[in-house]
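K.L.:
Encoded as structure tokens, here's the structure I'll be asking about.
What follows is calculated from the coordinates using simple rules that are stated; it is not laboratory data. What you are looking at is a predicted structure, and each value in this text was computed from that prediction instead of being measured. Please note: Cβ atoms are built from the backbone with ideal geometry, for glycine as well, and neighbour counts cover all protein chains shown.
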């Protein structure tokens, strides 16, 4: 975590307007909880609505497989040093077909030896987008050998969305949700 305390605090239910409560009802988890990222973003209800729509596309309606999507999200979160993002998507990555060793290897990126050529190209793309906001011709050609045009667009959309999410989480100081544990490699507040 970059910050020990939030700069913009997550709203408690008792602090929300009726409109905010109504909008938050759709953001509850299966257990009825609401994530701190949403409790923070609801302070700007119109931005929250737009964030939910676009995030819903990237997370659930894009044309990448859940596993490929999570490789991109986790690598982007790692590169952005976003403890909250990494923690949330570590669980989602496991649910999407990655195993714990693969998630650990995402920290190393494309240099890790366990990746398929397709996965290595995804990791290279995430690195290039993070470093230069551009995918090189060589990496694009590698991606193009495995993905169609719509999926190539979704590679960029996914990395872009989760760069923004990481910026929000890091800068606002969104704290981990109850019961979560920070990866010690991302504890920057010690």
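K.L.:
Any chance you could give the angle, 0 to 90 degrees and rounded to 10, that helix 83-95 forms with the longest Cα principal axis of the chain?
P.N.:
The angle comes out near 70 degrees.
K.L.:
How long is region 13-60 along each principal axis, judged by its Cα atoms, biggest number first, in Å?
P.N.:
If we take the Cα atoms of region 13-60, the spans are 31, 25, 15 Å.
K.L.:
Under a point spin-label approximation (7 Å from Cα along Cα-to-Cβ), what is the residue 15-residue 138 distance to one decimal in nm?
P.N.:
Going from the residue 15 label point to the residue 138 one covers 4.9 nm.
K.L.:
Let me ask something else. What is the helix-to-structure angle for 117-132, meaning the angle in degrees between its Cα long axis and the longest Cα principal axis of the chain, kept from 0 to 90 and rounded to the nearest 10?
P.N.:
With rounding to tens, the tilt is 60 degrees.
K.L.:
Where in region 113-140 does the label zone of residue 104 land, with the point 7 angstrom along Cα→C-beta and an amide N cut-off under 16 Å?
P.N.:
Under cut-off, by backbone N: 113-115.
K.L.:
Let me ask something additional. Using a Förster radius of 35 Å, what is the FRET efficiency between residue 28 and residue 116 based on their Cβ-Cβ separation? Nearest 0.05, please.
P.N.:
0.45
K.L.:
Assuming 0.692 mPa s and 37 °C, estimate D for region 64-170 with Stokes-Einstein, Rh taken as the Kirkwood radius over Cα pairs, in µm²/s.
P.N.:
Reported coefficient: 245 µm²/s.
K.L.:
So what's the convex hull volume per residue for the Cα atoms of the chain, in Å³?
P.N.:
Normalising the Cα hull of the chain by residue number yields 122 Å³.
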